[in-house]
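Read-outs: derived from the displayed coordinates by stated rules, not from any lab. From a predicted model like this one, the values you see are computed outputs, not experimental measurements. Every residue, glycine as well, gets a Cβ built from its backbone with ideal geometry; the counts of neighbours run over all protein chains shown.
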Amino acid sequence: MRRILIAGNWKMNGDRALAKTLVQACAQSQQSNPQVDIAVFPPFPLIPEAVAAAAGSAVAVGAQDLSAQLKGAYTGEVSAPMIHETGASMVLIGHSERRQRHQEGPELLTEKLKQALAEGLSPIFCIGESLQQREQERTEAVISQQLSILSKPEFRSQLADLVIAYEPVWAIGTGMSASPEQAQAVHAHIRGLLTKLGARISGSVRILYGGSVTPESAAGLLACADIDGALVGGASLKADAFAAIAAAAN
Ligand code: PEP
């Protein structure tokens, strides 16, 4: 049985006070919905505040990115062990904002995934097609390509705890969520790809939907067979809205 995971990507927003307030609200919401896992992804400097506020609760804290390198002359980068030492246990990899604005491609993302897994950080690996790719009916091909790095032999034994987030680029921050039917169709495709990696992996890997999820759209999306949760951007910065999304997972 895959547990529903509701994850909040705060992007470059918030301050220490907001981090504390939001995480405390998440902890309450997790208590009210004990069958739902909740995770938050604050900007790096707010991770310690979020970890402190999450102490004693089941709320997980993660980073929004990590370096592909372990250590050295990489100004501005943050390594997996550094993230781990803050108390964070998860990390986003390959968010479309990083793929697009920081030119993150398959080679770099493979190295990031290796660093996260070697350090015991649970990755949420983000994938998704652009509007143009969808209009050209290339969605499944793009998704297959983005997921192809998972078939590397070095990852095989470590994928059962992986989380995948399907986030169509055209739905992120636009207010234009994919419909449950559109999302489920892609999630079923992803599940089919995972089946090729083994029954254990396809049965246990959670596939989240992300892209303008709101309290209003959440229940319909989360009712789909292959949607195991949500990666939420904008609505994760409002305690009430994020709590309502977690409650919709009921
Ligand atoms: C995201 O950034 O991962 C995201 C899904 O954002 P939003 O919910 O604002 O579309």
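When 176, 1, 82 are ordered from fewest to most other Cβ atoms inside 10 Å of their Cβ, what list results?
1, 176, 82
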I'd like the distance between the alpha-carbon centres of the range 157-183 and the range 79-125, rounded to an integer number of Å. 17 Å
Taking the alpha-carbon centroid of each part, what is the distance from the range 212-244 to the range 1-15 in angstrom? 10 Å
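Calculate the tail of P(r) for the range 158-217: the fraction of all Cα-Cα distances greater than 17 Å, expressed in %.
Working: 722 of 1770 pairs.
Of the Cα pairs, 41 percent sit more than 17 Å apart.
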Extending each Cα 7 Å along its Cβ direction at residue 141 and residue 24, get the distance between those two points in nm, one decimal. 5.3 nm
With the calculation restricted to Cα positions, what are the radius of gyration and Dmax of the range 4-249 in angstrom? 16.7, 48
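Please give the length that would be gained between residue 130 and residue 32 if that part of the chain were fully extended, namely 0.36 nm times their separation in residues minus their C-alpha to C-alpha distance (nm, one decimal). Before the final figure, lay out the partial values.
Details: separation 98, 0.36 × 98 = 35.28 nm, distance 3.63 nm.
Here the answer is 31.6 nm.
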With label points set 7 Å from each Cα along the Cα-to-Cβ direction at residue 223 and residue 161, the distance between them in nm comes to 3.4 nm
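At a threshold of 8 angstrom on Cα-Cα distance, excluding pairs fewer than six apart, so keeping six or more, what relative contact order does the range 106-186 reach in percent? Intermediate results must be reported in sequence, preceding the final value.
Numbers: 65 pairs, mean separation 30.0, N = 81.
Reported as a whole number, the value is 37 percent.
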What order, most packed first, do the peptides 216-224, 132-140 have when packing is the mean number of other Cβ atoms within 10 Å of each residue? 216-224, 132-140
Using amide H atoms built 1.01 Å from N in the peptide plane, name the residues 5+ places from residue 4, or on other chains, whose amide H lies under 5 Å from its own. 37
Got the relative contact order for the chain handy, in percent, Cα pairs under 8 Å and 6 or more residues apart? 22 percent
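Nearest 20 debye, what's the magnitude of the dipole of the chain about its Cα centre given +1 on Lys and Arg Cβ and -1 on Asp and Glu Cβ?
That gives a dipole near 320 debye.
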Viscosity 0.890 mPa s, temperature 25 °C: what is the translational diffusion coefficient of the range 75-180 from Stokes-Einstein with a Kirkwood Rh over Cα pairs, rounded to a whole number of µm²/s? 166 µm²/s
Projecting the Cα atoms of 113, 171, 10 onto the charge dipole of the chain, where Lys and Arg contribute +1 and Asp and Glu -1 at Cβ, the residue farthest towards the positive end is 113
Rounded to the nearest 500, what is the 222 nm mean residue ellipticity of the chain from helices alone, with -39500 (n - 2.57) per DSSP H run of 4+ residues and division by all residues? -12000 deg cm²/dmol
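Given 71/152; 11/238; 152/196; 71/114; 112/152; 20/238, which pairs have Cα atoms separated by over 18 Å?
Details: 71/152 24 Å; 11/238 13 Å; 152/196 12 Å; 71/114 14 Å; 112/152 14 Å; 20/238 13 Å.
Violating the 18 Å Cα-Cα cut-off are 71/152.
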